[in-house]
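The values are calculated or read from the model by the stated rules, or taken from the named source; none is laboratory data. Remember, it's a predicted structure, so these values are computed and weren't measured experimentally. Here the Cβ positions follow ideal geometry from the backbone for every residue, glycine too, while neighbour counts run over all protein chains shown. Note: accessible area is taken over every heavy atom of the protein model, side chains too, but ligands, DNA and RNA are not part of it. Shrake-Rupley method; radii C 1.70, N 1.55, O 1.52, S 1.80 Å.
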Amino acid sequence: WDEVEKYKEFNKVKERNSDIKTMIAVTEGIFYGGGMNPVSFTEVAETEASRMAFAQSAVSFLEMYNFDGIDLDWEAPLDRDRGGSPDNYVRFVQLAEEIRSAMTESGKDYLLTVALPGTDWEQLDYDIVTLSAHVDWFNLNTFDYHTPKNIPKTEEQTSELQSHHELV
């Protein structure tokens with residue numbers, strides 16, 4: 001499929017409502033197809049040069065395709081089984097800081113958000129307090145609340161949400 005056409009079609013919503021903001025989410029995943037060579041967030045965040053390159057690329061992408069912001073969805077940055085590293089605790093903050101700096105330098109009021117896992121023990125992989133200085137808001141991945149383990153029981157969601165409030 002043609003991504004550029006999808007982006008253009010998606011952003012047409014702004015023609016109907018000029019107050020609408022559109023964002024694109026960036027995550028790691030499985031890529032299929034010839035010539036695809038995905039780069040992990042660990043590689044992107046590893047050095048100052050790689051963080052700067054990603055930040056500049058992200059801002060260029062936002063400008064080119066008329067998005068208003070980017071949502072970073074780096075799942076399990078410390079999990080070694082998923083390519084993570086303990087160094088990513090600090091490097092994720094550095095990456096967010098570099099992206100925010102590139103956004104500011106662009107002169108446009110871009111949004112930067114971070115998707116966080118829905119369980120408090122997974123949130124320990126993130127320096128939420130320090131990240132909050134660089135992002136506009138956090139998105140909570142609620143798919144982590146409703147899993148086959150707790151279907152149909154969902155009444156504990158409220159207490160789970162309250163415990164997340166205590167982290168920030």
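Can you tell me how much longer the chain between Ser132 and Gln56 gets when fully stretched, taken as 0.36 nm per residue apart minus their C-alpha distance, in nm with one decimal?
25.3 nm
What whole-number value in Å² describes the accessible area per residue of region 47-111 for a 1.4 Å probe?
51 Å²
Can you work out the FRET efficiency for the pair Ile20 and Met64, with r the C-beta to C-beta distance and R0 = 22 Å, to the nearest 0.05?
After rounding, the FRET efficiency stands at 0.70.
Computing the accessible area with a 1.4 Å probe over protein heavy atoms, can you report the carbon and sulfur percentage for region 97-144?
51 percent
Over all alpha-carbon pairs in region 1-130, figure out the percentage whose distance exceeds 17 Å.
Taking all Cα-Cα pairs of region 1-130, the fraction more than 17 Å apart is 62 percent.
At 10 °C and 1.306 mPa s, what whole-number value in µm²/s does Stokes-Einstein give for the translational diffusion of region 90-129, with Rh from the Kirkwood sum over Cα pairs?
D = 138 µm²/s.
Solvent-accessible area of Lys6, probe 1.4 Å, all protein chains present, reported in Å² to the nearest ten, please.
Answer for Lys6: close to 110 Å² accessible.
Once the whole set of protein chains is in place, how much accessible area is left on Tyr110, using a 1.4 Å probe, in Å² to the nearest 10?
About 10 Å², rounded to the nearest 10.
Tell me which residues come under 5 Å, amide H to amide H, from Met23 once H is placed; ignore anything under 5 positions away on its chain.
Asp68
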